[in-house]
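See below for the structure under consideration.
The values are calculated or read from the model by the stated rules, or taken from the named source; none is laboratory data. This one's a predicted model, so the numbers in the text were calculated from it and none came from an experiment. Glycine also receives a Cβ, built like all others from the backbone with ideal geometry; neighbour counts cover every protein chain displayed. Surface areas here come from the heavy atoms of the whole protein model, side chains and all, with no ligands, DNA or RNA. Shrake-Rupley method; radii C 1.70, N 1.55, O 1.52, S 1.80 Å.
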Amino acid sequence: MSDAGFFLDVRDISGNYTIRPFFRSLVTLQGVQKDLNRNCTASLDYPYKCFFPQHALPYIRSPYFILNSAYDVYQFHHIFVPPSADPDGHWNHCKSNPAACTANQIAILQGFRSEMLMALRLFGGSSNGGMFINSCFAHCQSELQDTWFASNSPRLHDKTIAEVVGDWYFERKVAKEIDCPYPCDHTCQNLIPSSQEEGIYVPLHNCIIISLLLITCMVLPSSI
């Protein structure tokens, strides 16, 4: 199961691929390009792109569950609307509180959600895959009991994340849940960093490290 590991290969609001240099350097640092799926690397102009889950996913045959927010707060803040794309801080209020987003900003965020759902469209037809894609502003939702399996946890079709993962793991039923667009989900617990200026707060930082490790496990052969 991957929790908040579905990092998109997507342009930011200024039209740049801010995340690509980071992923390229990550592949170089770890020396894993030779271990990426050869069918994937042969199909793309740059092999390092196979470190992005959306490009690697079609080549994964193991049963797999994807837990992610369609408005992943880390990707929103640092990949889709990074500081370099918003030097005047027009998005600061929206980043701190989704309710403060303008209609235009919400429309742009819906475009990010559409990009994620488009990247997941083939996975939706997999026979052994599962997913829980909700519309909460969060990054990592399995590490806290409040978001995993509690009376007030986020739900889709009246099921918590733990229940949908259980349906997938124990093969009880098809476990592919996709939420309606923000702001329709009233079960959300939005987990937003308290500061946009001083970097990433510690729990989110730890979760990002875990997410990147999950990507590594996802795209590399199991024999490594």
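The table below lists the values:
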read-out	value
Those residues of the stretch 14-31 which are part of a helix (DSSP H, G or I), touching a residue at least 40 places away in the same chain (Cβ under 8 Å) and either closer than 18 Å to residue 82 by Cα or open to solvent by less than 40 Å² (accessible area, probe 1.4 Å) (or both), in sequence order	19, 26
The listed residue being of a type outside the set (Phe, Trp, Tyr), over 15 Å from the mean Cα position of the chain (by Cα) and open to solvent by less than 40 Å² (accessible area, probe 1.4 Å), out of 160, 102	160
Selection from the stretch 125-160 of residues that are under 17 Å from residue 1 (Cα atoms), assigned to a helix (DSSP H, G or I) and touching a residue at least 24 places away in the same chain (Cβ under 8 Å)	147
Pair list, Cβ < 7 Å and 6+ apart or interchain, from the stretch 53-77 residues that are under 16 Å from residue 116 (Cα atoms) to residues that are acidic (Asp, Glu)	54/9; 55/9; 67/3; 70/179
Scan of the stretch 140-157 for residues that are open to solvent by 10 Å² or more (accessible area, probe 1.4 Å), out of contact with any strand residue (DSSP E or B) (no Cβ under 6 Å at 6 or more places or on another chain) and closer than 26 Å to residue 78 by Cβ, ordered by number	143, 144, 146, 148
Whichever residue in the stretch 163-195 is open to solvent by 30 Å² or more (accessible area, probe 1.4 Å) and of a type in the set (A, V, I, L, M) and, among such residues, is farthest from the chain's Cα centre (by Cα)	174
Hits in the stretch 87-104 - residues which are of a type in the set (A, V, I, L, M, F, W, C) and either assigned to a helix (DSSP H, G or I) or in contact (Cβ under 8 Å) with a residue 12 or more places away in the chain (or both)	91, 94, 99, 100, 103
Residue selected from the stretch 60-86 under the condition among the hydroxyl-bearing types (Ser, Thr, Tyr) and in a loop (DSSP other than H, G, I, E, B), by the criterion modelled with the lowest pLDDT	62
Of all residues making up the stretch 32-52, the number that are assigned to a helix (DSSP H, G or I) and loosely packed, with under 15 Cβ neighbours inside 10 Å	5
Candidate set from the stretch 1-13 (those that are within 30 Å of residue 90 (Cβ to Cβ) and of a type in the set (A, V, I, L, M)); member that is most open to solvent (accessible area, probe 1.4 Å)	13
Condition met for residue 186 (in contact with a Phe, Trp or Tyr (Cβ under 7 Å, 6 or more places away or on another chain) and on the phi < 0 side of the Ramachandran plot)	no
Failed condition for residue 121, given (1) open to solvent by 10 Å² or more (accessible area, probe 1.4 Å); (2) modelled with pLDDT of 95 or more	(2)
Of residues in the stretch 62-79 being open to solvent by 20 Å² or more (accessible area, probe 1.4 Å) and over 23 Å from residue 163 (Cα atoms), the one farthest from the chain's Cα centre (by Cα)	78
